1. May I ask you to say which residue of Leu101, Leu116 is aliphatic (A, V, I, L, M), surrounded by 14 or more Cβ atoms within 10 Å (Cβ to Cβ) and not in a loop (DSSP other than H, G, I, E, B)?
2. Hey, can you tell me all the residues within the range 201-212 that are over 19 Å from the mean Cα position of the chain (by Cα), open to solvent by less than 70 Å² (accessible area, probe 1.4 Å) and in contact (Cβ under 8 Å) with a residue 12 or more places away in the chain?
3. Applying the selection to the range 11-37, what residues are outside any loop (DSSP other than H, G, I, E, B) and loosely packed, with under 12 Cβ neighbours inside 10 Å?
4. Take the conditions at pLDDT below 90 and either open to solvent by 70 Å² or more (accessible area, probe 1.4 Å) or farther than 28 Å from Val269 by Cβ (or both) and apply them to Leu171. Does it pass?
5. Please specify each residue of the range 38-55 satisfying the condition of being over 33 Å from the mean Cα position of the chain (by Cα) and surrounded by 13 or more Cβ atoms within 10 Å (Cβ to Cβ).
6. Within the set of pairs 6+ apart or on separate chains, which have a first residue in the range 7-33 that is more than 20 Å from Thr53 (Cα to Cα), a second that is open to solvent by 80 Å² or more (accessible area, probe 1.4 Å), and C-beta atoms under 6 Å apart?
7. Assuming Val90 fulfils every condition listed in (1) outside any helix (DSSP H, G or I); (2) closer than 30 Å to Ile276 by Cα apart from one, which condition is it?
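The values are calculated or read from the model by the stated rules, or taken from the named source; none is laboratory data. Note that this is a predicted model, so its numbers are computed, not measured. Cβ placement follows ideal geometry from the backbone for every residue including glycine, while neighbour counts extend to all protein chains displayed. For the accessible areas, the whole protein counts, side chains as well, though only heavy atoms, and no ligand, DNA or RNA atoms are used. Shrake-Rupley method; radii C 1.70, N 1.55, O 1.52, S 1.80 Å.
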Amino acid sequence: MSCIDALYIFDHFSTTPLLQYEWRRQSTPSEILISAYNSSPSPRSSLLYIPTTAPPTLLFNITHNNLIFLTPVTSEVEPLLVLEFLHKVVDVLEDYFSSPLLPSKIENNYDVVAQLLGEMCDDGYPFMTEPNALRDLVMPPSLIGKIFGSVTGLPSTHLSNSAASSNATALSAIPWRRSNVKHTNSELYVDIIEVVTATFAPSGRPLVARSSGTVAINSKLSGVPDLLLTLSTPGGGYGRKASGLDFPVFHPCVRLARWKERPGELSFVPPDGKFILASYEVDLLSSHNFSTATKSNLQLPVTVEIKKSLGELGNEFEVRVTLNNAVSTPHTATTPTSPFPRGIGSSGPVGRGSSSPAFGGSSNNPVLEDVLITIPLSNGIKTLVTTKASRGEWHHEKGKILWKIPTSNGGALGMPATFRTGIILKSPVEDDEDDEDSSDDDDEVESVTGEYDDGSKPPAAARVPSKKKEEALEARLLRRKMKVATMMPRTVLAGFSVKGWLASGVKVDGLQVVHGKGVGEGVKPYKGVKYLTKAGGMEFRC
């Protein structure tokens with residue numbers, strides 16, 4: 001395996017690099033790299049091949065807050081290694097300079113960025129990427145350091161480097177946690193965020209329904225604490241055996257042997273501050289028979305029904321959205337009257353654990369927010385007519401309808417909201433042909449009579465149309481309806497977020513400080529747990 005040649009950071013609005021750092025050799029010129037990046041079509045791949053250089057170059061790239069990170073590689077390398085390194089660079093820079101990461105922060109702290117890149121990658125090989133460990137080697141920029149630099153004329157990091165060198169002999173033995181961590185208040189926060197992706201057939205049967213979860217920790221504990229986090233799952237079991245957690249991914253601090261022995265128990269020494277402890281996926285249809293699964297089996301906060309080809313001309317459609325106030329999971333299969341699962345905000349025991357404001361859910365009444373319905377429209381639609389929405393605001397832009405449904409009024413839950421509109425198509429050539437056919441039919445009708453119209457006869461509108469003309473009009477109307485039917489929406493996308501509820505039913509059953517060094521005897525940290533579910537891609541086909 002080879003190594004990384006260099007790193008270039010560009011502003012999205014400029015072709016001049018903000019920062020250029022080379023590890024091993026003279027890398028591919030930045031002009032060639034940014035030109036190849038800008039010339040690649042959108043959506044742009046994270047790995048581009050440039051055959052015109054000698055030797056040919058693999059260009060890895062990511063974007064973040066209008067910043068472009070480019071890394072050229074001229075020999076064989078593991079692609080995921082380079083991409084993960086680029087994301088680690090972004091995480092470290094945000095940890096040092098706070099979010100959002102802006103071009104001005106990189107320009108004003110070039111010396112700190114250069115030191116960080118030198119520590120993170122050794123001769124082109126990723127080496128140390130944990131922010132906690134880097135803080136022992138490269139001190140973050142501070143106001144005192146800038147004042148020191150302006151007075152003495154030395155680099156602003158000279159003072160911080162002196163402090164870092166004095167602590168060099170006291171580096172932490174744990175790669176992901178810095179040494180001598182001290183906090184005035186002991187606090188522990190756990191956030192579990194799930195993103196739901198589901199696709200429903202026109203009949204309402206769910207085709208795919210998955211939930212991707214992330215366990216985020218914010219640790220503010222002194223010393224070197226040893227923590228134990230217990231996750232309970234639907235059915236009263238622990239971990240992957242009971243819930244079907246698929247593809248679990250853990251932070252290096254997690255002891256895998258403990259997880260394998262007792263699935264659901266995460267034993268770890270946490271990094272200081274915010275970090276991602278674990279991620280997982282859950283198949284929401286695994287507990288149901290796929291052939292008989294319906295929307296009643298899979299309960300979600302938002303359900304959508306679509307009716308097309310309505311109205312006299314068949315050019316109208318209606319979208320009906322129901323905001324459910326009785327979402328059930330395996331935790332509460334026997335208590336359908338609860339507004340949300342009992343494992344969320346319930347005070348009674350669930351499975352093997354007990355629920356509390358901290359460990360059973362963040363609220364007794366989960367909050368449904370940010371309901372947004374997106375209706376993609378065909379390019380052949382010119383405008384909308386007779387549009388009515390029973391609730392919320394809507395607007396039509398860039399070939400789609402965005403409909404925001406308010407949820408501040410609790411009485412709106414359980415009651416359907418409707419959106420109905422008609423469509424007008426762009427002028428097609430077929431309409432002109434139909435008009436010509438219609439005029440020809442009129443001529444034929446008059447020529448058949450063979451009589452001269454001297455004005456004494458009633459107007460043409462009052463005449464009884466011939467059978468041939470009626471058939472022509474019906475055929476023309478049928479053709480138009482068929483064309484309008486092809487322009488009707490074929491899918492509706494739903495977005496939402498729910499605080500205090502997880503679609504998979506996973507919940508935190510306990511968080512304990514087992515033991516640790518320097519934590520202090522009798523210290524009981526303040527603990528908090530929050531649940532959040534978001535819609536990542538809810539598609540209702542019609």
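1. So the residue among Leu101, Leu116 that is aliphatic (A, V, I, L, M), surrounded by 14 or more Cβ atoms within 10 Å (Cβ to Cβ) and not in a loop (DSSP other than H, G, I, E, B) is Leu116.
2. Within the range 201-212, Ala201, Gly204, Pro206 meet the criteria.
3. Glu31
4. yes
5. Thr53
6. These pairs meet every condition: His12/Asn66.
7. Checking Val90 against (1) outside any helix (DSSP H, G or I); (2) closer than 30 Å to Ile276 by Cα, the one that fails is (1).
Residue by residue, here is whether (1) over 28 Å from Thr197 (Cβ atoms); (2) touching a residue at least 24 places away in the same chain (Cβ under 8 Å); (3) crowded, with 16+ Cβ neighbours inside 10 Å holds:
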| position | (1), (2), (3) |
| --- | --- |
| Val492 | no, yes, yes |
| Val498 | no, yes, yes |
| Ala503 | no, yes, yes |
| Val508 | no, yes, yes |
| Gln512 | yes, yes, no |
| His515 | yes, yes, no |
| Lys527 | yes, yes, yes |
| Thr533 | no, yes, yes |
| Met538 | no, yes, yes |
